[in-house]
Amino acid sequence: MKREITAILLSSMFAVSACSAIGIPSRTTQHAPSKSSHGAAHWSYQDEDGPAHWATLSADYHMCAAGAMQSPIDLAGVNASGDVSLKLDYTPGDVSIVYNGHTVQANFEPGRAAAIDHRNFELLQLHFHTPSEHVKSAKPFPIEVHFVHATGAGELLVLGVLFVEGEANAELTTILDALGTRHGPVKTTLDPNGLLPHDLSVFRYMGSLTTPPCSEGVNWHVAKSHISASAEQIVQLHQVLGENARPVQPHNNRLLLAPVD
């Protein structure tokens, strides 16, 4: 399925390593060793390993404090609007579901993509945050899903979708049922279109990864419209993830585009 959305095209895009977005180290407890099994410094969302201290945990994480274009942000700070064409080509297919210690993540086989400005980004994975990382007028949402895309050169495009409480979401049920009480990986079939709103107009800005190493140059798009999850689904996902949202970061006079009404 192909969908088009509109916003203004930013004038530049920056390369970052796609591996930084998807190679998230495992978490055990707040007293875990300083190094993960992947060799990166351990981090978490709590206490001395939490977001306020990420930059002190490793020199590799210095951008978590030094960066001027960090994510997430409050979407109320819109300062521009306009049109651009972003095409999504998502099809149902096999995925591998895993709880990696920080989030529930669905890893995709090649074949799904986003295209912008004649540039193709392959869909690599989607993952969840409870509560949302992006907020509107300081108001968080119960869930946010991030669709992470990359070019062969490592440029990243992330599409965020915010959930409100309402009807159950069938694809979220698929993910939660597949994972069950296991950490995974678990193979299942998923239609990523079921985690998208019908209207895919977006907010757009340049930001960063929302987890260490907080690399900047990420092309962020956050859908203006919301999708729903049931109260039971919200509770179930939160029981798995806890609170895994990085606090809102300074806007720093960045260009934040809203779709044309």
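Assorted remarks:
- Reported count of residues in the range 51-76, each being out of contact with any Ser or Thr (no Cβ under 6 Å at 6 or more places or on another chain), in a loop (DSSP other than H, G, I, E, B) and surrounded by fewer than 17 Cβ atoms within 10 Å (Cβ to Cβ), is 2.
- Residue list for the range 47-88, restricted to those being modelled with pLDDT of 95 or more, under 20 Å from the mean Cα position of the chain (by Cα) and not aliphatic (A, V, I, L, M): GLY50, PRO51, TRP54, TYR61, CYS64, GLY67, GLN70, SER71, PRO72, ASP74
- The range 201-210, residues that are at pLDDT 95 or above, among the polar types (S, T, N, Q) and part of a loop (DSSP other than H, G, I, E, B): THR210
- So VAL164, is it surrounded by fewer than 22 Cβ atoms within 10 Å (Cβ to Cβ), in a strand (DSSP E or B) and at pLDDT 95 or above: yes
- Test result for GLU122, over 12 Å from the mean Cα position of the chain (by Cα), buried (at least 16 other Cβ atoms within 10 Å of the Cβ) and part of a strand (DSSP E or B): yes
- Selected residue (only one of PRO131, PRO110 is touching an Asp or Glu at 6+ places or on another chain (Cβ under 9 Å), surrounded by fewer than 22 Cβ atoms within 10 Å (Cβ to Cβ), closer than 23 Å to PHE203 by Cα and not acidic (Asp, Glu)): PRO131
- Scanning the range 234-243 for residues that are part of a helix (DSSP H, G or I), in contact (Cβ under 8 Å) with a residue 12 or more places away in the chain and of a type outside the set (S, T, N, Q) yields ILE234, LEU237, HIS238, VAL240, LEU241.
Yes/no matrix, rows are residues, columns are (1) part of a loop (DSSP other than H, G, I, E, B); (2) within 16 Å of the chain's Cα centre (by Cα); (3) closer than 20 Å to ALA138 by Cα:
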{"site": "GLU171", "(1), (2), (3)": "no, no, no"}
{"site": "THR181", "(1), (2), (3)": "yes, no, no"}
{"site": "THR189", "(1), (2), (3)": "no, no, no"}
{"site": "ASP199", "(1), (2), (3)": "yes, no, no"}
{"site": "PRO212", "(1), (2), (3)": "yes, yes, no"}
{"site": "VAL222", "(1), (2), (3)": "no, yes, yes"}
{"site": "GLU232", "(1), (2), (3)": "no, no, no"}
{"site": "ALA245", "(1), (2), (3)": "yes, yes, yes"}
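- Condition check for PRO197: in contact with a strand residue (DSSP E or B) (Cβ under 9 Å, 6 or more places away or on another chain), under 18 Å from ASP89 (Cβ atoms) and surrounded by 21 or more Cβ atoms within 10 Å (Cβ to Cβ): no
- Identity of the residue in the range 227-260, exposed (fewer than 15 other Cβ atoms within 10 Å of the Cβ) and touching a strand residue (DSSP E or B) at 6+ places or on another chain (Cβ under 8 Å), that ends up modelled with the lowest pLDDT: VAL260
- Of all residues making up the range 77-95, the number that are surrounded by fewer than 17 Cβ atoms within 10 Å (Cβ to Cβ) and assigned to a strand (DSSP E or B): 7
The values are calculated or read from the model by the stated rules, or taken from the named source; none is laboratory data. Everything numeric in this text was worked out from a predicted model, so none of it was measured. Glycine gets a Cβ as well: all are built from the backbone with ideal geometry, and neighbour counts include every protein chain shown.
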